[in-house]
């Protein structure tokens, strides 16, 4: 009887171990284990054979049976795509992402130049930040920087729910 119980417990434990999670802490540490529960902002997890509690403030991300091969950092060698929007040349470079909604480009001056905008995109394709003046810009005109930043924020990329939480890239607008 005891052997049957131990065998059943070992089998159950093996099944539980197959459903591992990766917990990324705010300090950058990655813990592999099993999330057992969440109550009152406390995560109860099973890590290294011990049950531990981690406060939600200490957790940056949790991946549930998910493999994220790419951390979202900008890779300059990725393919640059070129489109034309309202007569302006727009280029974008972001790994594993496709543009779903073009940026709305406009200008109210005759100033010319190229503005490279560093962007971050979330899993849902939303532009989370846009910083004009990245390397490759050929002007320091603040008006063009503002127009390029506003245009970049109007773009939308396709969802990538299995990708990194944030992906970095660039949108270049040639005025």
Q. Condition test on residue 117, is it at pLDDT 95 or above, farther than 30 Å from residue 22 by Cα and touching a helix residue (DSSP H, G or I) at 6+ places or on another chain (Cβ under 8 Å)?
A. yes
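Would you check which residues across the range 87-112 are assigned to a strand (DSSP E or B) and surrounded by 12 or more Cβ atoms within 10 Å (Cβ to Cβ) and list them?
The answer is 88, 89, 90, 91, 92, 93, 94, 99.
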(Q) With the structure loaded, tell me whether residue 84 is touching a residue at least 40 places away in the same chain (Cβ under 8 Å), outside any loop (DSSP other than H, G, I, E, B), in the same structural domain as residue 142 (by TED's automatic domain parsing) and surrounded by fewer than 15 Cβ atoms within 10 Å (Cβ to Cβ) or whether it fails that test. (A) no
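Would you say residue 115 is over 30 Å from residue 139 (Cα atoms), touching a strand residue (DSSP E or B) at 6+ places or on another chain (Cβ under 9 Å) and assigned to a strand (DSSP E or B)?
In short, no.
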Q) Is it the case that some residue within the range 28-42 is more than 23 Å from the chain's Cα centre (by Cα), at pLDDT 85 or above and on the phi > 0 side of the Ramachandran plot? A) yes
Q) When you go through 171, 119, 127 one by one, which is the residue that is over 23 Å from residue 61 (Cα atoms) and either surrounded by 15 or more Cβ atoms within 10 Å (Cβ to Cβ) or in the same structural domain as residue 26 (by TED's automatic domain parsing) (or both)? A) 171
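Of the residues 144, 161, 165, only one is under 11 Å from the mean Cα position of the chain (by Cα), in the same structural domain as residue 101 (by TED's automatic domain parsing) and surrounded by 15 or more Cβ atoms within 10 Å (Cβ to Cβ); which?
Matching residue, one of 144, 161, 165: 165.
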Q) Within the range 58-73, restricting attention to residues that are at pLDDT 75 or above and surrounded by 12 or more Cβ atoms within 10 Å (Cβ to Cβ), which residue is nearest to residue 93 (Cα to Cα)? A) 72
Q: Restrict the check to the range 141-150 and report whether at least one residue is at positive phi and either assigned to a loop (DSSP other than H, G, I, E, B) or in contact with a strand residue (DSSP E or B) (Cβ under 9 Å, 6 or more places away or on another chain) (or both).
A: no
Q.
So the check is Cβ under 6 Å with 6+ separation or different chains; which pairs have a first residue in the range 118-131 that's closer than 11 Å to residue 170 by Cβ and a second one that's surrounded by fewer than 20 Cβ atoms within 10 Å (Cβ to Cβ) and modelled with pLDDT under 95?
A. 120/166
**Q.** Checklist (1) touching a helix residue (DSSP H, G or I) at 6+ places or on another chain (Cβ under 9 Å); (2) under 22 Å from residue 71 (Cα atoms) applied to residue 164, failing item
**A.** (1)
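The values are calculated or read from the model by the stated rules, or taken from the named source; none is laboratory data. Remember, it's a predicted structure, so these values are computed and weren't measured experimentally. We place every Cβ from the backbone using ideal geometry, glycine too, and count neighbours over all the protein chains shown.
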